[in-house]
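Chemist: Handing you this structure, nothing more for now.
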Amino acid sequence: MFFDIGPLELVALVVLAVLVFGPDKLPKVIQDTMAFIRKVREFSDSAKEDIRRELGPEFKDFEFEDLNPKTFIRKNLMSDDDEYGLKELRDLGNSLDLRKEMAEVTDAVNGVDTAPAARRSAAAAGTPGPSAPDRLRKREQLDDDEPPPFDSDAT
């Protein structure tokens with residue numbers, strides 16, 4: 001029904017209310033509860049109107065339900081109307097090749113010149129080209145002017 005209360009639970013609540021308040025006082029308790037709920041709603045509506053009036057005409061379409069994070073994301077990021085260019089951002093995220101980017105960063109850190117597009121795509125796919133250095137194999141000796149490799153985990 002409402003608030004995930006089933007019909008059997010609702011009947012149990014009514015029976016419990018009759019037992020606690022008695023059949024004589026139950027109508028008065030229901031009236032008082034309904035009056036309280038009505039006052040809370042009126043207070044809430046007047047507070048919303050005061051806030052809208054104070055915000056000014058720029059925020060006349062402001063809805064307080066949009067402050068809920070799920071509603072905000074559903075309305076602004078997952079909507080079909082794409083007025084802010086979010087579709088291009090989604091397409092960019094889908095076309096991003098993380099392996100290729102990481103290979104380029106690794107090459108830049110190691111001081112290796114960037115390879116032509118064919119070798120870069122082969123390196124990104126995990127198959128080293130004929131002249132691609134094997135970075136997983138440990139070298140036997142360092143060059144004379146080359147500093148030893150820095151291992152951040154060893155410090």
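The values are calculated or read from the model by the stated rules, or taken from the named source; none is laboratory data. Small disclaimer: the values here were computed from a predicted structure and weren't measured. Glycine also receives a Cβ, built like all others from the backbone with ideal geometry; neighbour counts cover every protein chain displayed. Remember, those area values only see protein heavy atoms, side chains included, never the ligands or the DNA or RNA. Shrake-Rupley method; radii C 1.70, N 1.55, O 1.52, S 1.80 Å.
Chemist: For the range 5-27, check the following and say yes or no: at least one residue is open to solvent by less than 90 Å² (accessible area, probe 1.4 Å) and charged (D, E, K, R).
Modeler: no
Chemist: Among helices (runs of 4 or more DSSP H) lying entirely in the range 38-111, which contain 2 or more residues that are open to solvent by less than 70 Å² (accessible area, probe 1.4 Å) and modelled with pLDDT of 80 or more?
Modeler: It comes to 98-110.
Chemist: Right, here's the next one. Can you run down the residue pairs with Cβ atoms below 6 Å, 6 or more apart or on separate chains, where the first is in the range 20-44 and over 30 Å from E63 (Cα atoms) and the partner is in a helix (DSSP H, G or I) and open to solvent by 70 Å² or more (accessible area, probe 1.4 Å)?
Modeler: Short answer, once both residue conditions are applied: V29/F21.
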